[in-house]
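Novice: Questions regarding the structure given below will be posed in turn.
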Amino acid sequence: MKKDKIMKVVIFVVVLLIPIIYSFFYLKSYWNPYGDLTQMKIAVVNLDEGKDNENQGKEFVNELKNDGTFDICEVNLDNANEGMQNGDYYATILIPSNFTQCLNSASTKDKQIATITYSPNQATNYLATQIINSAVKTIELNLQSKVDREIIANLSDKLNDVPDSLQTISDGAGSILDGSQSLNDG
């Protein structure tokens, strides 16, 4: 009889603990999903060849790594595809071979568009895909501001040359005036 009573109390306690345990793990999994993203691996394939001893693709990858938000893995294209199929990576970012050339053309007449390809891994959970999509938008804005800074710096350098050009034009106009005076006197 005493064993039956003890058994009923144990069963009652276990039945009470199941919802508490379930609630703990459920809430823990969704509590602050953006809190620790350093475990989310993202494959970055940098095909940028660079130009004039400058490689903007490499700088971009270093910025992503230094940011520390995600676990950035710089891999080749085959490893990235294999990792996506195996579920090792939550996304792949592909930097094209002409990335530096396109960014440097932003201040020229023949502008080219630098395109970075982003591919989320649809096999991962929905929340992870949404987190990475949000992060990619932030990365895109940071990259756009970098391009804007480069254009503004280039424009500023060209504007600094304007006073010298105006002086050259003024000197040339003076020479024309002197020549026309000589022509008129002759």
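Novice: State whether one or more residues within the stretch 67-85 are within 18 Å of GLN144 (Cα to Cα) and either in a helix (DSSP H, G or I) or small (Gly, Ala, Ser) (or both).
Specialist: Among the residues of the stretch 67-85, at least one is within 18 Å of GLN144 (Cα to Cα) and either in a helix (DSSP H, G or I) or small (Gly, Ala, Ser) (or both), which makes the answer yes.
Novice: Quick check: anything in the stretch 73-83 of a type outside the set (A, V, I, L, M, F, W, C), within 16 Å of the chain's Cα centre (by Cα) and on the phi > 0 side of the Ramachandran plot?
Specialist: No.
Novice: Within the stretch 65-97, which residues are in contact (Cβ under 8 Å) with a residue 40 or more places away in the chain and buried (at least 20 other Cβ atoms within 10 Å of the Cβ)?
Specialist: PHE70, MET84, TYR89, TYR90, ALA91, THR92, ILE93, ILE95
Novice: Something else now. Filter the stretch 133-174 for residues that are of a type in the set (S, T, N, Q) and under 18 Å from CYS102 (Cβ atoms) and give the result.
Specialist: Matches in the stretch 133-174: ASN142, GLN144, SER145, ASN154.
Novice: I'm trying to understand the selection: among the residues of the stretch 103-134, which are at pLDDT below 80, closer than 18 Å to ASP48 by Cα and not in a loop (DSSP other than H, G, I, E, B)?
Specialist: LEU103, ASN104, SER105, ALA106
Novice: Here's something else I'd like to know. Just one of the numbered conditions (1) of a type outside the set (Asp, Glu); (2) surrounded by fewer than 10 Cβ atoms within 10 Å (Cβ to Cβ); (3) within 16 Å of the chain's Cα centre (by Cα) is not true of THR108; which one?
Specialist: (3)
Novice: What do you reckon, is SER145 under 24 Å from the mean Cα position of the chain (by Cα), open to solvent by less than 60 Å² (accessible area, probe 1.4 Å) and free of Cβ contacts under 8 Å to residues at least 24 places away in the same chain?
Specialist: yes
The values are calculated or read from the model by the stated rules, or taken from the named source; none is laboratory data. The shown structure was predicted, so the numbers you read here are calculated from the model rather than taken from an experiment. In this analysis, Cβ positions are derived from the backbone assuming ideal geometry, glycine residues included, and neighbour counts consider all displayed protein chains. For the accessible areas, the whole protein counts, side chains as well, though only heavy atoms, and no ligand, DNA or RNA atoms are used. Shrake-Rupley method; radii C 1.70, N 1.55, O 1.52, S 1.80 Å.
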